[in-house]
Amino acid sequence: MKVSIVILAWNASHFTKACLESLNPTIRVGDEVIVVNNGSTDDTKDYLDQVSWVTTVNLPENVGFSAGNNVGAKLAKNEVIIFLNNDTLFPDREWIGKLTDIFNSKDVVASGPASDNVSGVQGEAKWAASSTSFFAVKRLVGFCLAVRKSTLEAVGGWDEDFGTGGYEDDDLCLRLAKHGYLVFCTRSFVQHIGHATFDANGLDWYAIQEQNRLYFEEKHG
């Protein structure tokens, strides 16, 4: 199944460069990569101008994680969109297919891979030796989140009131789950650094996350 990959970049161009260099060999015929340059003030734009195999959108200012993802999603040509953080790497060359073949089932609305640095069940090391290939879950983490585009549109996209980021993936998963299954694909693996953009831009990710947690709880009760 062909996919559209949406990546946000906000400064820290070295992470974006490493991500794209690792991603390139894993891209298949028909896949597309969209990078949303979210108001970067470093050399991110200059670097992306040299990468001919990606579609780049340069925003004049940082509009936040959810809003940036919504910009990328509107440009996506394929029915499955993979939202990907720029602090990810891809030692598994077949990670895309392993993550998205599950969408051949019309009941699946989202999927996520295993990782070395992520909260919840997706970060549990036991899956490396498990015979289980996939199973339904209640929550997937947004560092690498595959979503059916038609369902994303049906729920109104990412909630832009979460601002810079934190809990917007929990919110999206709750809304997506009303339309179908969220699936953890244990055989797909994506390496994740974690909080790289927050740290590179001098932000207190924990404080921002806590503020968004309050908004999340107020929204969902």
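With all protein chains in place and a 1.4 Å probe, the accessible surface of the chain carries 51 percent carbon and sulfur.
Residues in the range 84-184 average 43 Å² of solvent-accessible surface per residue, probe 1.4 Å, ligands and nucleic acids excluded.
Total lysine pairs in the chain at Cα distances under 20 Å, for residues eight or more apart or on different chains: 22. Provide, in order from the shortest bin, the percent of all Cα-Cα pairs of the range 116-181 in each 10 Å bin, continuing until the bin that contains the maximum pair distance. The percentages, shortest bin first, are 18, 49, 26, 7. Within the listed set Ser40, Ser105, Ser13, the Gaussian network model of the chain (springs between alpha-carbon atoms below 10 Å) gives the highest mean-square fluctuation for Ser105. The trypsin sites (Lys or Arg not before Pro) found in the range 84-172 that occupy coil by DSSP, while having at most 13 further C-beta atoms within 10 Å, are Arg93, Lys106, Lys138. The length gained on full extension between Leu214 and Ser130, counted as 0.36 nm times the residue separation minus their Cα-Cα distance, comes to 26.6 nm. Across the chain, C-alpha contacts under 8 Å between residues 6 or more apart give a mean separation that, scaled by the residue count, equals a relative contact order of 25 percent.
Could you please report the charge total around Gln50, scoring K, R as +1 and D, E as -1 over all other residues with beta-carbon less than 11 angstrom from its beta-carbon? Taking every other residue near Gln50 into account, the sum is -1. Summarising the overall dimensions of the range 61-180 from its C-alpha atoms, the Rg and Dmax are 14.0, 46 angstrom.
Here the label points at Asp107 and Glu61, each 7 Å from Cα along the C-beta direction, are separated by 4.6 nm in the simple model.
Ranking Gly72, Ser130, Leu8 by Cα position along the charge dipole of the chain, where only Lys, Arg, Asp and Glu carry charges on their C-beta atoms, puts Ser130 farthest toward the positive end. Under the convention that each Lys and Arg Cβ holds +1 and each Asp and Glu Cβ holds -1, the size of the dipole of the chain around its Cα centre is about 940 debye. For Cα Rg over 2.2 N^0.38 Å, the value computed from the atomic coordinates appears in the list (i) 1.04; (ii) 0.94; (iii) 1.00 under label (ii).
What is the extension gain from Ala18 to Glu153, computed as 0.36 nm multiplied by their sequence separation minus the C-alpha to C-alpha distance, in nm to one decimal? Display every interim value, and only then the final one.
Details: separation 135, 0.36 × 135 = 48.60 nm, distance 3.06 nm.
Contour length minus the Cα-Cα distance gives 45.5 nm.
Highest mobility in the GNM of the chain, judged by mean-square fluctuation with C-alpha springs under 10 Å and restricted to Tyr167, Tyr181, Tyr47, is found for Tyr47. Once the Cα-Cα distance is subtracted from the 0.36 nm per residue extended length, the Lys138 to Asp43 segment shows a gain of 30.3 nm. Computed from the alpha carbon atoms alone, the convex hull of the range 44-86 holds 91 Å³ per residue.
The values are calculated or read from the model by the stated rules, or taken from the named source; none is laboratory data. All values derive from a computational prediction rather than experimental measurement. Backbone-built Cβ (ideal geometry, glycine too); neighbour counts: all protein chains shown. Side chains included, ligands, DNA and RNA excluded: accessible areas come from the protein's heavy atoms. Shrake-Rupley method; radii C 1.70, N 1.55, O 1.52, S 1.80 Å.
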